[in-house]
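Let me begin by presenting the structure, written as C-alpha cells, before commenting on it.
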C-alpha cells in the first residue's frame, strides 16, 4: 500500500540543514515566478485561441508540492476555462472573460489561501464516526434500505466499541 522509500542520505548538522532550507527558499521563489508566468501566458493563449490544453499540461507538470486545486480555481476565476470533473480536463468557456491584469497582480497562491492546519482530534473523530454508525444502525432497524446494512457492524460490536472508547450510545434505539 505504501510506496517504497528511496534511499538517500540525510542532512547532518544544523548548518547543513539551514543551507538546504535557504536553497529551497531561493529556488522556490524562482519556481513560483516560473509557474505564474506560464499560467498568465496560458490565460492569454486561451483568450486568443480557445485552446485550453496548455492549462491541463501545466497542472499535470506541477510537482506534488504545488497546490494544484488553487491554481485550477485561479484559472477559472481569471480566464475562459471551466474544469470538467467528469473528464478531468479544462473546457473552453466563451461566456467568461479573461482578467489578465488581475491575474498578473494576484498569483494563484495568494488568490486562494491555504487552509489552516488543524491537528487531529482523535476523540472528536471517533465521536463523529460512532454517531454516524449509530444513526445508520437506527435507520437499518427502522427498515431503511439505504442504510447499507452489509457495511455496518453488528449492534453488539457497536456497543462494545462505544464502551471501549467512552462513547455514550444510550441515545440510540438500536436493540
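Readers should treat all values here as calculations from the given coordinates under stated rules, not as data from a laboratory. Everything numeric in this text was worked out from a predicted model, so none of it was measured. Glycine gets a Cβ as well: all are built from the backbone with ideal geometry, and neighbour counts include every protein chain shown.
Worth pointing out:
- The distance from the alpha carbon centre of region 8-43 to that of region 90-117 is 22 Å, rounded to a whole number.
- Cα gyration tensor category, rounded, prolate or oblate, for region 1-70 with a/c compared to 1.5: oblate
- Take the Cβ atoms of residue 30 and residue 125, set R0 to 35 Å, and the FRET efficiency comes out at 0.30.
- For the chain, relative contact order (Cα pairs under 8 Å, six or more residues apart, normalised by length) works out to 15 percent.
- Cα gyration tensor, region 29-106 - rounded (a/c under 1.5), prolate or oblate: oblate
- Relative to the longest principal axis of the Cα atoms of the chain, the long axis of helix 155-165 makes an angle of roughly 70 degrees.
- Principal-axis tilt of helix 122-141 within the chain, Cα atoms, nearest 10 degrees: 60
- Going from the fewest other Cβ atoms within 10 Å to the most, the residues 75, 122 appear in the order 122, 75.
- Spin-label model, residue 165/residue 61: points 7 Å from Cα along the beta carbon direction are separated by 4.5 nm.
- Angle in degrees between helix 14-49 and the longest Cα principal axis of the chain, rounded to the nearest 10: 80
- Calculated mean residue ellipticity, 222 nm, the chain: -18000 deg cm²/dmol, from DSSP H runs (n ≥ 4) at -39500 (n - 2.57) each, averaged per residue and rounded to 500.
- Efficiency of FRET from Cβ geometry, residue 156 and residue 91, R₀ 45 Å, rounded to 0.05: 0.30
- Matching label, Rg and Dmax of the Cα atoms in Å computed from the structure shown, candidates (i) 18.6, 58; (ii) 24.8, 66; (iii) 17.3, 53: (ii)
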